[in-house]
Structure formats: structure tokens, C-alpha cells
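**Student:** Dropping the structure in here first, questions after.
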Amino acid sequence: MFENQPLDFLKHLNPEQYRAVTAGEGPILVLAGPGSGKTRVLTQRIAYLVKAMGVRPHHILAVTFTNKAAREMQHRLETLLGEQSQSIWLGTFHAVCARILRREAAYLPFDQNFVIMDADDQIALVRQALKALNLDEKLYRPAGIHATISMAKNNLITPEEFTPRTYRDEVVKRVYQQYQTFLRNNNAVDFDDLLIETVRLFRENPPVLERYAGRFEHVLVDEFQDTNLVQYELLKLLTSVHQNVFVVGDEDQSIYRWRGADYRNVLRFESEFPDVQKILLQQNYRSTQTVLDAAQGVINRNHQRTPKRLFSDRGRGEPIVLYEAVDEFAEATFVVDTIRQWIESGKARGSDFAVMYRTNAQSRLLEEAFLRAGIPYHLVGAQRFYGRREVKDVIAFLRLAQNPDDEISLLRVINVPPRGIGEKSLVALQLLARETHQSPGHLLLELGEKGHDSPYWARFPGRSAMLLADFGGLLANWQRARDTLSLIELFDRILADVGYEAYINDGSEEGQDRWENVQELRRLAFEYRERGLSAFLEDLALVSDQDTLPQDQNAPTLLTLHAAKGLEFPQVFIIGLDEGLLPHSRSRDDPEEMAEERRLFYVGLTRAKDRVYLVRALRRSAYGVAVEQEPSRFLADIDERLLQRQGYRRTRSSATTWAAERSPSSRVPPSPAHAAILQPRYRPGQRVRHPAWGEGMVVDSRIQEDGEETVDVFFESVGFKRVIASIARLEAINPD
DNA sequence: AAGGCCCTTCTTTTT
DNA sequence: GAAGGGCCTT
């Protein structure tokens, strides 16, 4: 409709936005406060490049932070540019890298059918590595080891370059080495490899780099504050020819430090790219001034940031409601009741609401409350779908069809449904695999093809060879079917071959649910009928957790504060505003992490257009025992005049009376004479104080063989700790 | 080999 | 308090 006035869309921009969209060539840094029309600037910048500066769409690369953001931008670009938008390279850093790696597989230590290991697979790989090195996973927690490895990878440190500073590092180094070996043997990469291998590809093959850097005349990056070192490096490489790089970000919304993100990339950008044009967007088009003032109050206490003054012309709006609930059940009930009342009054609809929380575990009580109230809801992330056993099983089968070297998937489903392949057979298989330098999958294929004639047949005891060969036969069929059948046919074929429906749909209600999830996955596969298995698997690995599938069009959204970045809702609930939860106890000792918790809260607040409800609970259970909560320190940073307090008000007497009545230690008075010999001094539920960690609640306590009392305490400050009573100077707090 | 029961463990956030 | 691992029986 703009054929005659192709640049009509520019009319609606404010002066700063206009400056950004129409800037000339060279590096441009846009610092965009929340709700300042950042996405609009990005999309219109692309449209401007194409329509006004005559850049061909396939010379443009745009990088977003999530797949969801990419889809949204694709959609907007379609309206602005029509068919031309198809040839723009658009996606997350990870997706773009996967695409490059598949094209350039010839230069790489894996082939183009490589699979992408998701978070669970990565942990499973660490487990395998620990096992191969004879290390105890109780001593070296796989998740912790993996975090260290991933951190190293994000800083482009190879296993060889990894310099141990502690004994634990020595172990990490060995596991890291083994882990990488396993990845390559599996013809697999992890999330970090997608980025690292692309950087390596470019550094080691200048002609390849030249092809891409030459092609991408313009590179645009969203959420720049959350890029890590590898991504920054990649950006420098990709823009090394044309230097036309347009980045948009906001230090105050940097919330992925723990994943290696470094908002100081913004500073680095200013100093490393010559003649950066810097543009500050401060006008907010989303929220009321009350919301903005509260958010500013919170964020202004952080240092090391570009000071901003967010303003809105939407007026003061409604005060922020602060509700104090008695416990976490009352917290959930308050949220759901309030939403229900709004909906019933006809003044709001379900989709107007979002409920945000710090940890995924907090969603459970909300879900239950919504279910009880009969209100449909939409839960973002949290493995709702992709984490399900049945979904993972079917994906594992599909991955094996694509890449039989994928040992993680093989181990997952080799005996699903149970087909008599147990520990013994597996060990024999893995042993032979190592001996013959083949993957277990390949051995199975050979057994399946040749049967008795295979030289390996005799290596397996009893009927084990036959069972393995049977499964190998299935694998071989799927391999062939991959090229001859459509994705859906392959999907159905696999399920039929293994009898998956009968296995999973056992007649129970749960079984039916599980089968429906499989059907859901099948519907999703159907959408890939054109692009095929490989595209399907890639998207599953890269999209999965953050995007939930079909949304209930008119339902409230439940999501973590992290997942809320980039979204907006008329009414926002933020729950769990207690010390230890928001800010999270794990952040207490590190000022940088504490600053990030603050930014997280800031991100949550600034998602709201009209109304914010802040909710906390006076008591909350941790490990099954109720623990009294202190209000979040962030609440004190919101001007009292912006708040409207509701709910249970703490008076010293009522709270302590309640505690006294319920405390197990007051119900069963310990007898001092026996306590010294047989009974623990501390009991679950009892309040204690530690000289360093402050107050906490006893979760468990027992007398060891040596007569020492071991006490498990959940501290408000540091979380769970196990101490020896006679050493840790614990002090019992009497519930007066 | 598989399923059941008891015990320990332990809660950030995710491409 | 729930989930996952280890150990038991069949």
C-alpha cells in the first residue's frame, strides 16, 4: 500500500528513533530503554536499508536473542517488505551458526548430519565422561562441571588452553577433554560449539570468512547487552569487511551474566569499532509513569551504567499493589483470584495478564491454583512439553535415524520399550565399540545387516547378540526410510516398529496424556513436511525450551523473569518478592550477581503497561519445612507513594504466635538428659542462627556413628548447608 | 532384566 | 516434599 510512498513508515518515529533508522553506514550503537520501540527501530532500519539505501535483502544479517523474537521480526518484516524479507538472514546467533556449519561441514571435524546436544544431553555427556575417567559424580556434580566447561568455552578456551588453578580444575580439564572427544565421536556439537566452531572455521579458513563477511554488508544485533565473548568475536569477524554493524541494547536489561554474557561488550564496542554513532532512546511507549518511576527507583541503585531518564506520556496510572500473603499457597490464590475477578468483571481478558517468578519451581502452585479455578493458562518454557519423557524418546529415535553415531540418544532408547537389552549387553557393546573404534550405533547397524555373518556376533553372550541385531535391523530400516519416506511416514514407521503406542498408552489417564503429547509432536513434525527431518531436529534442539507450542489465545501467561525479556502485558504480577528468592540466595555474596538480580526485577517491572502487582509470602516452605521470609530488599527502593499495600499485615505478635503454635520443637519439648546422648539437639523446623550465614531453618538433623550431630540447615542467605553441630557455632532461636 | 521400595538429596536463570 | 538413585526381590 506504500508503493508510491515507500518510506511512509518513517513518519511515526520520534527524532531519536528516526536518527537510528536513517543513520548512514558504519557502526551504530542504540541504547534503548525498555518500551522505547527498539524492535520497531530494528525492523524499520532493515526496511530502510532495503528501500532507501538499496541494499539487497540477502546481504543483510539480523541476529536476535530468542527464536521467538526472530519469528516476530520475520513477521513484521513481511509486512514491510513482502516477499523480499524471505532472503534476509535472520535468527539467533546459535541458529545462524548452525546454518553456516552445515553448509561448511567439509572444513569441520564433523559431518553435516551433526546433531545438537541439548541441555540434558550435555549433562548426560558429562556423566559419561566422568564415568570413563572413573570419577565419582557425587564428588563432581555433572551440572557444576558442565557449567565450568561451558564458561571456558564461552571465553574461547580449549581443553588444552584450560589452566587449572585448583584441584577441581584439574578434574574439569580432564572431563572437558573427554567431553569434547565424546561430542566428536557422536558426530555432535553442543550449544557452545555452534558458536566456537564457527569462530574457528572463520579464523582458520580466511577464504570462507571472506565469503560470509563479504556477503553480509549489514549486520544488526538485538539484545546486544547479553552477548558473550564468542558472540562478540563472531560479530567482529562477520563485519570485518564492511564494518556496517548496528547493535541495540540496554545495560540495565542484561540478565545472562551466568551464561557468559557481558554487558561491558557495549563499552568494548564503543572503543573497538571506529567512529561509533551512539543513540539513546529514552521515551517509553509502554508503561504508565508510576510503573517507570518504580522501575527507576530500583535500577538507579546500580552503578556502572549509562544514566537514563525514562519518561512516558501515558500519565500516572494506577498505583502498584503490594500484597503480603500468609504463605505461598495464599500467594498463588491471591494471584488467581485477582485475575478471575478482573475477567469476570469484563474489564480484562485472560491474555492481559502475566505472572512472573524467579525460579521455575514457583510455577507449580500457580498451575494448581489456575486448574482449581478452571482458568486456562499458558506456561512458557520449563520443559512443559519437550522435557516429557515420551517426547524425548521419540526425538531420540528420530535423531538416531538421522545420525546413528548419536550415543546419547542410543542409550536413551535402546531398551525402550523394554526389549531385553540390559546392563550386560550394553557394556559388551560399548566395550567392543571402543575396541574397534566405531560408534555403538554403527556396530548395531552391522549386526542388523549381517546377522550371524558379522564377525562381531560371537562377541556377545547368549541371546544378547540377537536382541542387539534386532534393534540394529530397526536402525538400518530407519536409515533407509529417512531417504525414501516423508518425515511423517518415518515418524509413524518408527512408532509402529517399536510398538510405542502400546507401551506408552497403557490405559491409565497418564498414559493417555503421554500419547497425546506424542501426537502433538507428530503435528509439529507435519509442519516440517517440506523442510524435512534435519530441519525439524535442528529447530527442536534450538527452539525447544523457550518457545511453547500452541498458545491458548486468551489465557494468562506464566513465565520466569528471564523469559519475560522483550515481552509486554497490560497487567503484570511478580511473585516471590522475598529475600532469598528475589534476590536469589545464590547471589548474596557477589555484588555483580546482586546487581543482576536487581536488573532482573527491573526487567519484570518494565514489562507492565498499566498495572503491577508485587506479591510476597510471610512463610514459604523449603525442603518441606516452612521458613519465615524477609521482604525483598528491592521493595524498599520503590517510593512508598507509588505503592498500595494489601493483604496480611505482619504484626510481631500474630506472626510469632503462629510460629510458636506450629513449631515442632515447642510441641515436643526435648528432654535435656537424653538429648546429650541419643537425641539430636536440633529438630526440623527449628530456627537457628549461624555466625556467618545468619538465620535459617533446620531441615534435618541426626547423630552420626562418631556421636557428632550433623544438621542440615536452609539458610535464608546461602541456601542449603550441612554442618556439624559441635563445630558450627549454631545458636537456637527460641520462638518466643 | 524389571519393577518396587527406601533412602538421600536438594531448588536459579537458558541459547 | 519430590525426585532420583541404589538396593532388593521376583
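**Student:** Mind listing whichever residues of segment A:47-99 are of a type outside the set (A, V, I, L, M), within 16 Å of DNA strand B (Cβ to nearest atom) and at pLDDT 90 or above?
**Tutor:** A:Thr64, A:Gln74, A:Trp89, A:Gly91, A:Thr92, A:Phe93, A:His94, A:Cys97, A:Arg99
**Student:** Within segment A:578-595, which residues are crowded, with 24+ Cβ neighbours inside 10 Å and without any contact (Cβ under 8 Å) to a residue 60 or more places away in the chain?
**Tutor:** A:Asp578
**Student:** Here's another thing I want to ask about it. Can you pull out every residue in segment A:169-188 that is of a type in the set (Ser, Thr, Tyr) and closer than 26 Å to A:Gln402 by Cβ?
**Tutor:** The first filter runs over segment A:169-188 and keeps only residues of a type in the set (Ser, Thr, Tyr), leaving A:176, A:179, A:181.
Matches in segment A:169-188: A:Tyr179, A:Thr181.
**Student:** I need the full set of residues from segment A:680-724 which are within 13 Å of DNA strand C (Cβ to nearest atom) and under 21 Å from A:Pro583 (Cα atoms), in order please.
**Tutor:** A:Met697, A:Val713, A:Phe714, A:Gly719, A:Phe720
**Student:** Further, regarding this structure: Of all residues being without any contact (Cβ under 8 Å) to a residue 60 or more places away in the chain and in contact with a His (Cβ under 9 Å, 6 or more places away or on another chain) in segment A:112-128, which is farthest from A:Arg259 (Cα to Cα)? Just the residue, please.
**Tutor:** Among them, the one singled out is A:Val126.
**Student:** I'd like to know if segment A:364-380 contains one or more residues that are outside the structural domain of A:Gly441 (by the TED database) and within 19 Å of A:Asp539 (Cα to Cα). Reasoning before the result, please.
**Tutor:** The initial filter retains those residues of segment A:364-380 that are outside the structural domain of A:Gly441 (by the TED database), namely A:364-380.
Adding the requirement that they be within 19 Å of A:Asp539 (Cα to Cα) leaves A:380.
Yes, that holds for at least one residue.
**Student:** Could you say which residue among A:Asp492, A:Asp470 is touching a helix residue (DSSP H, G or I) at 6+ places or on another chain (Cβ under 9 Å), within 27 Å of A:Arg529 (Cβ to Cβ) and modelled with pLDDT of 90 or more? Talk me through it step by step, then tell me what you get.
**Tutor:** Working: A:Asp470 fails: within 27 Å of A:Arg529 (Cβ to Cβ).
The match here is A:Asp492.
**Student:** Please enumerate the residues belonging to segment A:687-736 that are among the small types (Gly, Ala, Ser), at negative phi and in a strand (DSSP E or B).
**Tutor:** A:Gly696, A:Ser701, A:Ala732
**Student:** Please identify the pairs in which a residue from segment A:129-144 that is modelled with pLDDT of 85 or more has its Cβ atom under 7 Å from the Cβ atom of a residue that is among the basic types (Lys, Arg) and within 14 Å of DNA strand C (Cβ to nearest atom), counting only partners at least 6 apart or on another chain.
**Tutor:** Every condition considered, the pairs that remain are A:Pro142/A:Arg127.
**Student:** Hey, among the residues in segment A:148-168 that are part of a helix (DSSP H, G or I) and surrounded by fewer than 15 Cβ atoms within 10 Å (Cβ to Cβ), which one's nearest to DNA strand B (Cβ to nearest atom)? Write out each step before concluding.
**Tutor:** Pass one, segment A:148-168, residues part of a helix (DSSP H, G or I): A:148-154, A:167-168.
Pick out the ones that are also surrounded by fewer than 15 Cβ atoms within 10 Å (Cβ to Cβ) and you get A:167-168.
Working: A:Tyr167: 18, A:Arg168: 15 Å.
That would be A:Arg168.
**Student:** Follow-up. Six or more apart or on different chains, Cβ under 8 Å: which pairs go from a residue in segment A:421-432 that's touching a residue at least 40 places away in the same chain (Cβ under 8 Å) and on the phi < 0 side of the Ramachandran plot to one that's small (Gly, Ala, Ser) and crowded, with 17+ Cβ neighbours inside 10 Å? Could you list them?
**Tutor:** Filtered contacts from segment A:421-432: A:Ile421/A:Ser464; A:Lys424/A:Ser464; A:Ser425/A:Ser464.
**Student:** How about segment A:40-73: which of its residues are in contact with a helix residue (DSSP H, G or I) (Cβ under 7 Å, 6 or more places away or on another chain) and polar (S, T, N, Q)?
**Tutor:** Once the filter is applied, which keeps residues that are in contact with a helix residue (DSSP H, G or I) (Cβ under 7 Å, 6 or more places away or on another chain) and polar (S, T, N, Q), segment A:40-73 yields A:Thr43, A:Gln44, A:Thr64, A:Asn67.
**Student:** Within segment A:575-601, work out how many residues are within 25 Å of A:Trp342 (Cα to Cα) and either away from DNA strand B (no atom under 14 Å from the Cβ) or acidic (Asp, Glu) (or both).
**Tutor:** To start, the set of residues in segment A:575-601 that are within 25 Å of A:Trp342 (Cα to Cα) comprises A:575-577, A:601.
Still in the list and also either away from DNA strand B (no atom under 14 Å from the Cβ) or acidic (Asp, Glu) (or both): A:577.
Looking only at that region, the number is 1.
**Student:** Right, next: Mind telling me which of the residues A:Leu398, A:Leu468 ends up being within 16 Å of DNA strand B (Cβ to nearest atom) and either surrounded by 19 or more Cβ atoms within 10 Å (Cβ to Cβ) or in the same structural domain as A:Glu527 (by the TED database) (or both)? First the steps, then the outcome.
**Tutor:** Working: A:Leu398 fails: within 16 Å of DNA strand B (Cβ to nearest atom).
Every option except A:Leu468 fails the conditions.
**Student:** Based on this model, can you work out whether A:Leu600 counts as away from DNA strand C (no atom under 16 Å from the Cβ), outside any helix (DSSP H, G or I) and out of contact with any Cys (no Cβ under 7 Å at 6 or more places or on another chain)? Write out each step before concluding.
**Tutor:** Numbers: away from DNA strand C (no atom under 16 Å from the Cβ): yes; outside any helix (DSSP H, G or I): no; out of contact with any Cys (no Cβ under 7 Å at 6 or more places or on another chain): yes.
No, not satisfied.
**Student:** If I filter segment A:604-632 down to residues being within 16 Å of DNA strand B (Cβ to nearest atom) and buried (at least 24 other Cβ atoms within 10 Å of the Cβ), which single residue comes out as nearest to A:Gly685 (Cα to Cα)?
**Tutor:** Step one: list which residues in segment A:604-632 are within 16 Å of DNA strand B (Cβ to nearest atom), which gives A:604, A:607, A:617, A:619-627, A:629, A:632.
Narrowing further to those that are buried (at least 24 other Cβ atoms within 10 Å of the Cβ): A:604, A:607, A:617.
Working: A:Gly604: 33, A:Arg607: 38, A:Ala617: 17 Å.
It comes out as A:Ala617.
**Student:** Would you be able to tell me the number of residues in segment A:345-371 that are of a type outside the set (A, V, I, L, M, F, W, C) and within 15 Å of DNA strand C (Cβ to nearest atom)? Walk me through how you get there before you give the answer.
**Tutor:** In the first step, residues of segment A:345-371 are kept if they are of a type outside the set (A, V, I, L, M, F, W, C); the result is A:345-347, A:349-352, A:357-360, A:362-364, A:367-368.
Right, trim to within 15 Å of DNA strand C (Cβ to nearest atom) and you get A:359-360, A:362-364, A:367-368.
Qualifying residue count for the region: 7.
**Student:** So in segment A:428-451, with the set limited to residues that are of a type in the set (A, V, I, L, M) and closer than 30 Å to A:Asn505 by Cα, which one is surrounded by the fewest Cβ atoms within 10 Å (Cβ to Cβ)? Show your work before the answer.
**Tutor:** At the first step, the residues of segment A:428-451 found to be of a type in the set (A, V, I, L, M) are A:428-429, A:431-433, A:443-445, A:447.
Add one more test, that the residue is closer than 30 Å to A:Asn505 by Cα, and what stays is A:444-445.
Values: A:Leu444: 27, A:Leu445: 20.
Out of the qualifying residues, it is A:Leu445.
**Student:** Among (1) out of contact with any Asp or Glu (no Cβ under 7 Å at 6 or more places or on another chain); (2) among the hydrophobic types (A, V, I, L, M, F, W, C); (3) crowded, with 17+ Cβ neighbours inside 10 Å, where does A:Trp258 come up short?
**Tutor:** (3)
**Student:** Residues to consider are A:Val572, A:Val518; find the one that is out of contact with any Gly (no Cβ under 9 Å at 6 or more places or on another chain), among the β-branched types (Val, Ile, Thr) and either in the same structural domain as A:Glu331 (by the TED database) or assigned to a helix (DSSP H, G or I) (or both). Write out each step before concluding.
**Tutor:** Working: A:Val572 fails: out of contact with any Gly (no Cβ under 9 Å at 6 or more places or on another chain).
Exactly one of A:Val572, A:Val518 is out of contact with any Gly (no Cβ under 9 Å at 6 or more places or on another chain), among the β-branched types (Val, Ile, Thr) and either in the same structural domain as A:Glu331 (by the TED database) or assigned to a helix (DSSP H, G or I) (or both), namely A:Val518.
**Student:** So which of A:Val335, A:Val321 ends up being away from DNA strand C (no atom under 16 Å from the Cβ), under 20 Å from A:Arg607 (Cβ atoms) and in a helix (DSSP H, G or I)?
**Tutor:** Testing whether each residue is away from DNA strand C (no atom under 16 Å from the Cβ), under 20 Å from A:Arg607 (Cβ atoms) and in a helix (DSSP H, G or I) leaves just A:Val335.
**Student:** On the given criteria, is A:Val266 modelled with pLDDT of 95 or more and in contact with a helix residue (DSSP H, G or I) (Cβ under 9 Å, 6 or more places away or on another chain)? Full working, then the answer.
**Tutor:** Details: modelled with pLDDT of 95 or more: no; in contact with a helix residue (DSSP H, G or I) (Cβ under 9 Å, 6 or more places away or on another chain): yes.
Spelling it out, it is not the case that A:Val266 is modelled with pLDDT of 95 or more and in contact with a helix residue (DSSP H, G or I) (Cβ under 9 Å, 6 or more places away or on another chain).
The values are calculated or read from the model by the stated rules, or taken from the named source; none is laboratory data. All values derive from a computational prediction rather than experimental measurement. Backbone-built Cβ (ideal geometry, glycine too); neighbour counts: all protein chains shown.
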